[in-house]
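Asker: The structure that follows is given in the form of C-alpha cells.
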Amino acid sequence: MNHSFLLIIALALKEFLALLRDKSSRFVLIGPPIAQLLVFGYAANYDLDNISVAIYNEDPGIASRELVSRIEGSPNINVLYTIEKESEIRPLIDNRDVLLVMHIDSQFSANIAIGESGVVQLLLDGRNSNTAMIALNYLRDIILVLNEEWRYQNLSQAPPAIIEERAWYNENLHSQWFIITGIVGLLTLVVTLIVTALSVAREREQGTFDQLLVTPVHPFYILIGKALPGLLIGLIEGAAIIGLAVWWFDIPLRGSLFALYLGLFLFLLSAVGVGLMISAICITQQQAVLGAFLFLVPAVILSGFATPIANMPDMVQLLTWLDPLKYFLVIIRSVFLEGGGLGLLWPQFWPMVIIALLSLAMAGWLFKHRMY
Amino acid sequence: MSFPVEVSDLSKSFKSGARSIQALENVNFKLSRGQVTGLIGPDGAGKTTLMRVLCGLFPIDTGEVKVLGLNATTDAEEVQSKVSYMPQRFGLYEDLSVQENLDLYADLKGLAVEKRAECYQTLMHLTGLAPFTDRLAGKLSGGMKQKLGLACALVVPPELLLLDEPTVGVDPVSRRELWEIVYQQVEETGMTVLLSTAYLDEAERCAEVILLHEGKVINQGSPEQFSEKLQGKTWLIESEQLTPRQLQLALSKRADVVDALIANEGVRVISGSTEVASIRKSFPSSIELKISAVTPIFEDAFISLLKKQGLHEVKTAIARHKEKTENANEVIIEVDNLQRRFGDFIAVNDVSFTVKRGEIFGLLGANGAGKSTTFRMLCGLLPLSAGELSVAGVDLRHAADQARQKVGYMAQKFSLYGNLSVIQNLRFYASAYGLFKEKQKERIEWAIEAFELGDYRQANAKELPLGYKQRLSFAVALMHEPDILFLDEPTSGVDPLARREFWARTNELAESGVTVLVTTHFMDEANYCDRLVIMASGTVLAQGTPLEMKKLAQSDSEVLPTMEEAFIYLIEQQGEDG
Amino acid sequence: MIDAARYQRLSGLIRKESLQIMRDPSSIAIAFVLPVVLLFLFGYGVSLDARNIPIGIVVEQPDAATQSLTGSFEQSDYFSPFYFQTIQQAEKALEKHKIDGIVWLKNDFARALFSKHDAVIAVRVNGVNSNQANLTLGYIRGTWLSWITHYAEAKGTELNMPIQLEHRVWFNPAVSSRLFLVPGVVAIIMTLIGTLLTALVVAREWDRGTMEALFVTPLRNVEFIAGKLIPYFILGMASLFLNFFLAIWLFKVPFEGSFWLLLLTGSLYMLVSLAVGLLISVMAKNQFVAGQIAIITGFLPAFILSGFIFDINSMPPAIQFITHIVPARYYVAILQTLFLAGDVWPVILANVAALLIMLVIFTRLVAKKTRKSLE
C-alpha cells in the first residue's frame, strides 16, 4: 500500500484515539446529542395540545351549551374555569391561569334563533403571540365547522364555498416532523464543529503540535488527518439520527437517500472547513469553544431551523447565504418529506461546495501561516 | 516546647478508577522550630501529597497530623489561616500585576493597610521585583514568578512556611536568591520552613532532610548524617587517555560501582566498598587512572540509599544503528547572527555558533535568556526575524519534509498524546516518520526493549510516572534513528536517578556519532557537553568547552569552580558590564 | 476587629476578580458582545410572524367575483400573490419552493358560489414547516371569510353566519413575535453570564492551581463564595441594564411593569444563575467540562424548556416536570409579564417564590460542595 495513504490512516487513527480514549471528549460526543435529541424531539413543539381556556357564558340558551360542549370535547383544549362575572376575566389572563377566555354574549342563542349572528368574543394572552395565534386558529376551526353545520340544519343553506385544504408533504402538520429533520443538521453541525475546532487547540495546549510539526509529515496531511475524524463522526452521528427519525419518530423518508447523504457529506465538509479555520486561529481550547459557540448560535438561528428565513429582513436574509446549515436543512427536509432528489435540489448543493472549498482553503492557509 | 509539625502514623491513599494508590504509608516525623527542613524524594514519592495534608487540603486515612498544635484534618481552617503555603505553580494570578497579586494576599492575610508600604518595600527589595511592580505576573520569568510567589507567602510572616518544589525549572541565580530570602526570614522571624525539592544540591542547604520514597520516610537527619556513611567511598577518577564520557561509560557498567557521574575533567565515583584497587585493575594497564578521594555529598548518599531500595538498574542498550562517519569534524548545525523579535521585544539577538557531528552541544541560560526561542527556530517551529541558520545543510522551516527525517526532537514539557497508550504513541510517531509494517514493528520492539517500557505498553501516556514519560519521549525522538537530536530541557523536573539514566543513553548516542543539541537548567549537566554556549537576555555570553567556562570564572585560588559557580559568575559579570 | 479583617479579605477578593474580568477578553465577550449579538439576531433576524407569504393563485375562469377575491389577497399584508394559468404550473412552483401555498379557484367559481355545487376553492400549502403552514392556512381562511362577508353584503345576498367570532389579543395587539422574543432573550443572556461565565472562571482557578493557594489563607468558604458572586452579580446586572436599554430603545418593546421590580427579580435570577454556575464549577474543576455542562444544563434548557418559544403546557408530562427545575422558566414568565403585561402580582409572586426556593437549594449545595479540600 501507498505510504501516504498509510500515513493518513495513522494520522486519522491518532485523532480518533485521542478523542475516544478521553472521558470528557467521549461525553461531548454522546451526551449533548442525546440530550438535544430528546429535548428537541419532545419539547420543541409548536403544536398545542393543552390550551387552557376559561368560558364566560352569559347565555342560558341551547346554542351556547352546544358550543361549550364542542369546545370541551376538543382534544386540544382544556376548559379549566367556568366564570360568571366579567371581572373574573382579567385576573385569569393576567395570572397566566388560562391562555384565553371565551366570552359568549347573553343574546347568543336568541340571535341565532332569529337567524342573526350570535357573538362570541375570544380574549387571548399575547405574551407569547405565536402561541396565541395558534390557539386562535384552533378555535376558529371549531367555530367554522359548527357554523356550517348549523346553517345547514337550521336554514338548509349550503356554505358559499367549500374550502378544500390540503397540506402537502406533512399532511397532518406535525411540527415534530419539521423539528426533528432540522435536528439532524443541527447536531451534526455541533459535533463536527466542536471536534474539529478543538483538535488543533488541544494539541497546541498539550504541546503535541510542535512534536508533530518536527516530523516529516507535510502540513497538508496533518490537515487531512484533522478533517477526517470530524467528517466521519459527523456522518455516523448524522446516520444514527436519521435512523432514529425514521424508526423511532416515524417520520417518512420519501426521497433519494443518495441526495441526502451527498448533501450531508458536503455540509459536513463545510462544517469541517469552518471548524479547522477556528482551530487554526485559536490557541487555547477555551478560545476554540467560544469561537465555535459564536459561529454556532448565528448559524442555527439564521438557518431556518426554527423560524422561516422568509420572515427575516432582507439584509439578514443576505447573511443566510453564508450559512451551510441553511442549504442542508432544505435538502434534508425535502428528501425526507417532499421526496426530493438531486434534480430538484441542485441549487442547494453548489453553494455548499463553494463554502466547503473556500473554508478549507482558508483553513489551509491559516494553518500554514499560524504554525507557531 | 512543642514541635511546629508532628506527624504520626499518617497513611493516605487515592482511588483512581478501580485501583487504589497508596500515596503515603505510615509516615512519622517531627519538624524542629526555626529551621529549614528539606523534603526530598524522587517524583511520585508523595512530597506534594504530604504538603497538602499538612495544609489540611486532603483528608487522611489514618494517623494524626498536628500543625502548630492544631489537628490539620479537623481544624483545617485554623491551620490554613496560620501557615503560609506556596504550591508548585506558585499560586499566582497571571493576569494580575505584581502589585495586585501582593495586594490580594495582603488583604487575604489581613495585613493592616498602614503597615503595607513598609512591608512591600522590604519584600520588593528582598526579591528584586521593585522595578516590575506593574508588570503582569504572567509576563514574569520563571525565577521572578517564584520570588513573587514567595513574597505573597511572606506578606505576613507565618510561623510555618511550606514551599512545594519552589525551585523547579528555575535557573541557578534565582535559586540562590530564593535560598537567601528564605534564610533571612528564618533568622529574622524564627519561622519554620518545610521545603520540598528535587534538586539534591539544595539538600545541603537544609538544616535537616527528610528522605521520602514511595510514600515512606526512609530517613531523617542532617545532610551530614546522610553523607557520613559514605565516608571513604567517593572518588574522583581521571585519565589522560580517555574522555570523561568514555571513562564514565566504562565505570558505570561495573558491579562494584554504585554511581559514576561526570564531574569536571573526570568521573566522580561511589564505590561499593572503601577500596578502589579492583576498579583500577579492571582497566588495561596502558590506561593510566588518577584516583583521588573526595568528600561525600548528600547526592551520593541519596543515590546509594535509593539504589539500595532496589530501584534501579541502568540499561544502556540503545545499540548503535549507524556507522560512525569518518568526517568527524563536519559542521552539522550552523547558526549565524540569529535574531528573533516579538513586537518590540528582542528575544534572541545576534546569536552565532556551530555544532560538529557527534558533539553534545549545550545551550545554558537563565529563564527568559532566549534558549527556547533559539531552539524553536532551529527546529523550524518559529520563523527567524534575521540571520541565518542551517541544520544538516537546510533551514528546517523551509526545507522539504524529508529533511526533518534526520532530526529527532524532545520538547520541554511532556508532549506526546496523553490519552493514547504507550504503544499507540509509538505506532503513531513511527508512521509519522514514514516507518510502516515490518520496519515499524521492529523499531517499536526496539523502543520498548531499550527503554524498558514493556510493563507499560497499554498504559495511557499521561498516567506514566514522570521518568517513564521522559523515556517514552526519548524513544519517540529516536524512533527513526536521527542524525541530529534536539533536546529541550529534557531533565527538567526529573529526579536524579532518571537524569543519570537519561545521560547514560545520550552519551552512548553521542559516542556513536549522533549530534546532540541540548538545553538545560542543571549546571552539573553542562559537564556532559563537549561544548556549550551560555545565553543571557537573548545574547551569547560565553562559548566553549565546560573547562574553558570554568576557567573564565576561576579566581586566584587553585580550586576550579563548579559549573554552577561559573554560570553565576558569568551572569553577574554581565550584569555589572551592562 | 474580626469584622474588619473579614471585610478586607472580601474586598481584596472582589478587587482581584474585577481586575481579572476587565483583563480577560472572553469575559467581556460573554458579558457584552454575545448579548448584543443575540439581541440583534432575535430582534431583527428571528420572527415567527409571517408577512408577505408567497402564494400562487390559479383562477380557471376569471370574472368580477374572482377579481374581487384575488384583490383582497393582494391587499393583505400577509400575502404576496403570484398568478398561474394552470394548477400544474402552480404545483411545480410549490415543489420548487417558489411559493408556500396555492389558492385554486376551480371551474366557474362565481357561478358555483352560493349554489349547491361542488367545492370551488382548493387550498394547498407546503406543510414541511407545520407552524408556518398552520398560520398560512389561518390567514387564507381569514381573508376568505372577510371577503365573502363583504361580498355577500354588497350583493345583497343574505349570508348568515350563526356564530360571529371576534378576538382581541391582550398585551400584544399587533401580534409581533419580537415583543415576546426579546424579553426571553434577556433571560437567556442572564443565564449565560451567570452560569457559563461563572462556571468557567471558577474552574479556571482549579485549572491554574490558584485555588490551592487561596485555600491556605485565612479566607473562609462564605467569603470565597461571596467574593465570586458579587463581581459577577454586578457584571450581570450591568448586562441587564444594557439589554433593557436595547430592548426598549432599539426594539421598541413596551415596558408596562415597574423598574424596581425588574431590578429586584433580575437580581434574584442573577443570584440563582450564579449559584448554578458555581455549583457546576466546584463539581467539574476543569474548564472544558465545566463549559460543556454549563451549555447543556444552562443554555439549552433556557432556550427550549423555559417557555421562551415553545409552550410548556404542550410538552409531554415528563418534560414538563423537568421544566420545573429550570430556573429560566420562572424568569422568562416574570420578564414577559413585566414587559408586556405589567406588575401582575400573582404571576410575579409565584415565580419569585419558586426562584427563592431554588436559590436556597443551590446555595446550600454550593456551600456544601465548596469545602476547602482538594478531594
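The values are calculated or read from the model by the stated rules, or taken from the named source; none is laboratory data. Worth saying up front: this structure is predicted, and the values here are computed from it rather than measured. Glycine gets a Cβ as well: all are built from the backbone with ideal geometry, and neighbour counts include every protein chain shown.
Asker: From C:Leu113, C:Leu94, C:Leu105, which residue is farther than 30 Å from A:Phe178 by Cα and surrounded by 16 or more Cβ atoms within 10 Å (Cβ to Cβ)?
Answerer: When all the criteria are applied, what remains is C:Leu113.
Asker: Pick out, from region B:468-544, the strands (runs of 3 or more DSSP E) lying fully within it that include 1 or more residues that are in contact (Cβ under 8 Å) with a residue 40 or more places away in the chain and out of contact with any helix residue (DSSP H, G or I) (no Cβ under 8 Å at 6 or more places or on another chain).
Answerer: The strands (runs of 3 or more DSSP E) meeting that bar are B:515-520, B:531-536, B:539-544.
Asker: Follow-up. For residues that are surrounded by fewer than 21 Cβ atoms within 10 Å (Cβ to Cβ) and modelled with pLDDT under 80, tally how many sit in region A:40-56.
Answerer: 0
Asker: Regarding B:Ser278, is this residue crowded, with 22+ Cβ neighbours inside 10 Å and more than 21 Å from B:Glu508 (Cβ to Cβ)?
Answerer: Spelling it out, it is not the case that B:Ser278 is crowded, with 22+ Cβ neighbours inside 10 Å and more than 21 Å from B:Glu508 (Cβ to Cβ).
Asker: What number of residues within region B:37-93 are in a loop (DSSP other than H, G, I, E, B), crowded, with 20+ Cβ neighbours inside 10 Å, at the interface with chain C (Cβ under 9 Å from one of its Cβ atoms) and more than 20 Å from the chain's Cα centre (by Cα)?
Answerer: The total comes to 7.
Asker: Have a look at C:Arg178, C:Arg168 and point out the one that is among the basic types (Lys, Arg), more than 13 Å from chain B (Cβ to nearest Cβ) and in contact with a Gly (Cβ under 7 Å, 6 or more places away or on another chain).
Answerer: From the options C:Arg178, C:Arg168, the qualifying one is C:Arg178.
Asker: Can I ask one more? Kindly list the number of the only condition in (1) part of a loop (DSSP other than H, G, I, E, B); (2) not assigned by TED's automatic domain parsing to the domain that holds A:Asp250 that fails for A:Glu164.
Answerer: All conditions are met except number (1).
Every residue, every condition in (1) over 30 Å from A:Leu67 (Cα atoms); (2) outside the structural domain of C:Phe32 (by TED's automatic domain parsing); (3) crowded, with 24+ Cβ neighbours inside 10 Å; (4) touching a residue at least 60 places away in the same chain (Cβ under 8 Å), yes or no:
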| position | (1), (2), (3), (4) |
| --- | --- |
| C:Pro162 | no, yes, yes, no |
| C:Leu200 | yes, no, yes, yes |
| C:Arg208 | yes, no, no, no |
| C:Pro218 | yes, no, no, yes |
| C:Leu240 | yes, no, no, no |
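Asker: Just name the residue that is nearest to C:Phe180 (Cα to Cα) out of those in region C:350-375 that are buried (at least 18 other Cβ atoms within 10 Å of the Cβ) and of a type in the set (S, T, N, Q).
Answerer: For region C:350-375, the residue satisfying everything is C:Asn351.
Per-residue answers, yes or no, for (1) among the basic types (Lys, Arg); (2) under 30 Å from B:Cys529 (Cβ atoms); (3) facing chain A (nearest Cβ under 8 Å); (4) surrounded by 20 or more Cβ atoms within 10 Å (Cβ to Cβ):
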| position | (1), (2), (3), (4) |
| --- | --- |
| B:Ala411 | no, yes, yes, yes |
| B:Ser415 | no, yes, yes, yes |
| B:Lys439 | yes, no, no, no |
| B:Arg443 | yes, yes, no, yes |
| B:Trp446 | no, yes, no, no |
| B:Leu466 | no, yes, no, no |
| B:Leu478 | no, yes, no, yes |
| B:Asp488 | no, yes, no, yes |
| B:Glu501 | no, yes, no, yes |
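Asker: So, in region B:322-347, exactly how many residues are modelled with pLDDT under 80, in contact with a helix residue (DSSP H, G or I) (Cβ under 9 Å, 6 or more places away or on another chain) and not charged (D, E, K, R)?
Answerer: Final tally of qualifying residues: 0.
Asker: Is it the case that C:Asp24 is surrounded by fewer than 16 Cβ atoms within 10 Å (Cβ to Cβ) and either within 14 Å of chain B (Cβ to nearest Cβ) or over 20 Å from C:Leu235 (Cα atoms) (or both)?
Answerer: Criteria not met by C:Asp24.
Asker: With the condition kept exactly as written, say whether any residue in region B:107-115 is surrounded by 18 or more Cβ atoms within 10 Å (Cβ to Cβ) and more than 8 Å from chain C (Cβ to nearest Cβ).
Answerer: yes
Asker: Ok, one more. Of all residues in region B:377-407, which are touching a residue at least 60 places away in the same chain (Cβ under 8 Å) and in a helix (DSSP H, G or I)?
Answerer: Within region B:377-407, B:Leu378, B:Gln405, B:Lys406 qualify.
Asker: Something else now. Mind checking which residues of region C:251-303 are within 14 Å of chain A (Cβ to nearest Cβ), among the polar types (S, T, N, Q) and surrounded by fewer than 20 Cβ atoms within 10 Å (Cβ to Cβ)?
Answerer: Within region C:251-303, C:Asn286, C:Thr297 qualify.
Asker: Can you find a residue that is under 32 Å from the mean Cα position of the chain (by Cα), part of a loop (DSSP other than H, G, I, E, B), farther than 14 Å from B:Leu150 by Cβ and modelled with pLDDT of 90 or more anywhere in region B:102-110?
Answerer: no
Asker: Residues of region A:246-272 being touching a residue at least 40 places away in the same chain (Cβ under 8 Å) and over 26 Å from A:Pro351 (Cα atoms), which ones?
Answerer: Passing the criteria: A:Phe249, A:Ile251, A:Pro252.
Asker: Further, regarding this structure: Any residue in region A:147-162 that is under 29 Å from A:Ala306 (Cβ atoms) and within 7 Å of chain C (Cβ to nearest Cβ)?
Answerer: no
Asker: Any residue at all in region A:98-105 that's in contact with a Gly (Cβ under 9 Å, 6 or more places away or on another chain), surrounded by 17 or more Cβ atoms within 10 Å (Cβ to Cβ) and more than 7 Å from chain C (Cβ to nearest Cβ)?
Answerer: Yes, because at least one residue in region A:98-105 is in contact with a Gly (Cβ under 9 Å, 6 or more places away or on another chain), surrounded by 17 or more Cβ atoms within 10 Å (Cβ to Cβ) and more than 7 Å from chain C (Cβ to nearest Cβ).
Asker: Identify, please: which residue in region A:164-201 is of a type outside the set (A, V, I, L, M, F, W, C) and without any contact (Cβ under 8 Å) to a residue 12 or more places away in the chain and is, among those, farthest from the other protein chains (Cβ to nearest Cβ)?
Answerer: Ranking the qualifying residues of region A:164-201, first place goes to A:Asn172.
Asker: Now for a separate question. Among the residues of region A:80-112, write down those that are among the β-branched types (Val, Ile, Thr) and more than 35 Å from the chain's Cα centre (by Cα).
Answerer: Passing the criteria: A:Thr82, A:Ile83, A:Ile89, A:Ile104, A:Ile112.
Asker: Across region C:330-364, which residue is farthest from the chain's Cα centre (by Cα) among those that are small (Gly, Ala, Ser) and more than 10 Å from chain A (Cβ to nearest Cβ)?
Answerer: Result: C:Ala353.
Asker: Can you pull out the helices (runs of 4 or more DSSP H) entirely within region C:96-204 that have at least 3 residues that are among the hydroxyl-bearing types (Ser, Thr, Tyr) and closer than 19 Å to A:Thr307 by Cα?
Answerer: C:130-155
Asker: Name the helices (runs of 4 or more DSSP H) wholly within region C:226-336 that hold at least 1 residues that are among the polar types (S, T, N, Q) and under 30 Å from C:Ser18 (Cα atoms)?
Answerer: C:259-284, C:287-294
Asker: In the set B:Ile210, B:Ile237, B:Ile218, which member is over 24 Å from the mean Cα position of the chain (by Cα) and assigned to a strand (DSSP E or B)?
Answerer: Matching residue, one of B:Ile210, B:Ile237, B:Ile218: B:Ile237.
Asker: Within region C:312-349, which residues are of a type outside the set (A, V, I, L, M, F, W, C), touching an Asp or Glu at 6+ places or on another chain (Cβ under 9 Å) and crowded, with 22+ Cβ neighbours inside 10 Å?
Answerer: Selection gives C:Thr337 alone.
Asker: Further question on the same structure: Do we find a residue being away from every other protein chain (no Cβ under 11 Å), among the small types (Gly, Ala, Ser) and surrounded by fewer than 17 Cβ atoms within 10 Å (Cβ to Cβ) anywhere in region A:10-33?
Answerer: Taking every residue of region A:10-33 in turn, none turns out to be away from every other protein chain (no Cβ under 11 Å), among the small types (Gly, Ala, Ser) and surrounded by fewer than 17 Cβ atoms within 10 Å (Cβ to Cβ).
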